[in-house]
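Before any comments, here is the structure.
The values are calculated or read from the model by the stated rules, or taken from the named source; none is laboratory data. Keep in mind the model is a prediction, meaning the values are calculated, not measured. Cβ atoms come from the backbone with ideal geometry, glycine included; neighbour counts cover every protein chain shown. These area figures cover heavy atoms from the full protein model, side chains too; ligands, DNA and RNA do not enter into them. Shrake-Rupley method; radii C 1.70, N 1.55, O 1.52, S 1.80 Å.
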Amino acid sequence: MLNTRLIAAPFFMTPDGSLNSMAVSSDRLASDDPLCGTANLTAYQLMSRHALIGLLDAKGHSSQGQPRVFLSHFNADRPRDRCTVDIFAQRLAVVVHSARHYAPWQQGTIFQQALSRHWQRVQTLVIAGGLSSQQFGIHLASAVAGRLADLSVICSPWGGDTALYGLAQTYRSPDDLLVLDFGATAIKRAIAHRYGNRLDMLSTLRVRDFSLDGQIRAPQLLAILRQTRAELPGPMAVAISLAAYLDHGHPFDYHAGIYSRLRQDCRHLASTLDRQWLPACGYTGLALLEHDSAAAALAFQFHLPAMMLTLGTGMGSAPCPLV
């Protein structure tokens, strides 16, 4: 139920390959970037939703404090919008350059060394996630491509819903399938039909409406599953992407995410979902469980090494399947 559908992939992502915590030098940032010259930066400070809010505020943008408004009304012909996307593109180029030359990975664990080698071989980048939505994502990908001449850069046409399409098209169920993307800010939901070729979107839920002390634990997860089941026409299997690094279907022992402590609520998350929690909530079982960036990566397959980058509450990454 975890990563079993990949045709070929060099490794599965783990917490010690997180881009969010990767140190990044500010020396290569644009001169008009408010973070230029700042010491001890991480990729999270450059490319997250929080980073976009900070950039809009620093530039006195009319959409400051409202990233959704900015993304929805982005217009590259407006100087302030163009300035924002150019600064963000340079930041992303710096993050990619750092990942391809990151010394702690080159000298780190076996996984980190493999990750470093993969980044050095990557020929295509796919950008997805909420911050890649609509025209901003298209212009961001184009601007990044102009800064990384040896890479092809693609913007996912599904933006923040890419993980849902990755799950649906990977599992390819002839029957209706519920696909859920549990993010750090929102929970996106859809019913996949016809082998994952058509998705009917359900309303998006806010994580903060369910979390307790900033965490989603078993009671909160079950509440989300029950509420969603009440909106469905009948029982069906469920495919889930989760904003938590997974070790063969169970969260790694780390506390950086709001879902990581689910490991304390069961012996094995994927098995417990399949055999206990989902049937108790009226579902037929678990089809897939993936890290959210890995789920997004499943929506794209390449003949040569490629990497998925998801831009949202944080910054995620995962290798795209090889064919």
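When the range 53-82 is examined, which residues are found to be assigned to a loop (DSSP other than H, G, I, E, B) and either open to solvent by less than 40 Å² (accessible area, probe 1.4 Å) or of a type in the set (Phe, Trp, Tyr) (or both)?
Gly60, His61, Ser63, Phe74, Ala76
Restricting to the range 7-49, and then to whatever is closer than 30 Å to Gln169 by Cβ and open to solvent by 50 Å² or more (accessible area, probe 1.4 Å), can you tell me which residue is farthest from the chain's Cα centre (by Cα)?
Ile7
Quick one: which of Thr38, Thr84 is over 26 Å from Gly183 (Cβ atoms) and among the polar types (S, T, N, Q)?
Among Thr38, Thr84, only Thr38 is over 26 Å from Gly183 (Cβ atoms) and among the polar types (S, T, N, Q).
Testing Gly282 on (1) out of contact with any Pro (no Cβ under 6 Å at 6 or more places or on another chain); (2) part of a loop (DSSP other than H, G, I, E, B); (3) at pLDDT 95 or above, one condition comes back false. Which one is that?
(1)
Can you confirm whether Thr272 is open to solvent by less than 20 Å² (accessible area, probe 1.4 Å), in contact with a strand residue (DSSP E or B) (Cβ under 7 Å, 6 or more places away or on another chain), of a type in the set (Ser, Thr, Tyr) and assigned to a helix (DSSP H, G or I)?
For Thr272, the condition - open to solvent by less than 20 Å² (accessible area, probe 1.4 Å), in contact with a strand residue (DSSP E or B) (Cβ under 7 Å, 6 or more places away or on another chain), of a type in the set (Ser, Thr, Tyr) and assigned to a helix (DSSP H, G or I) - is not met.
Conditions: (1) out of contact with any strand residue (DSSP E or B) (no Cβ under 7 Å at 6 or more places or on another chain); (2) free of Cβ contacts under 8 Å to residues at least 60 places away in the same chain. Gly312 meets all but one. Number of the miss?
Here Gly312 clears every test but (2).
Name the pairs: first residue in the range 55-76 and over 16 Å from Leu140 (Cβ atoms) and touching a residue at least 40 places away in the same chain (Cβ under 8 Å), second residue of a type in the set (D, E, K, R) and surrounded by 15 or more Cβ atoms within 10 Å (Cβ to Cβ), Cβ to Cβ under 8 Å, at least 6 apart or on different chains?
Here the result reads none, with nothing in the range 55-76 linked to a residue that is of a type in the set (D, E, K, R) and surrounded by 15 or more Cβ atoms within 10 Å (Cβ to Cβ).
Within the bounds of the range 295-318, is there any residue that is at positive phi and open to solvent by 20 Å² or more (accessible area, probe 1.4 Å)?
Looking for residues that are at positive phi and open to solvent by 20 Å² or more (accessible area, probe 1.4 Å), one finds none in the range 295-318, hence no.
Is it the case that the range 97-114 has a residue that's in contact with a Gly (Cβ under 8 Å, 6 or more places away or on another chain), assigned to a helix (DSSP H, G or I) and free of Cβ contacts under 8 Å to residues at least 60 places away in the same chain?
no
Consider only pairs whose beta carbons are under 6 Å apart and that are at least six residues apart or on different chains; among these, list those whose first residue lies in the range 221-245 and is under 17 Å from Gly166 (Cα atoms) and touching a residue at least 60 places away in the same chain (Cβ under 8 Å) and whose second residue is of a type in the set (A, V, I, L, M) and part of a loop (DSSP other than H, G, I, E, B).
Qualifying pairs under 6 Å: Ala243/Ala184.
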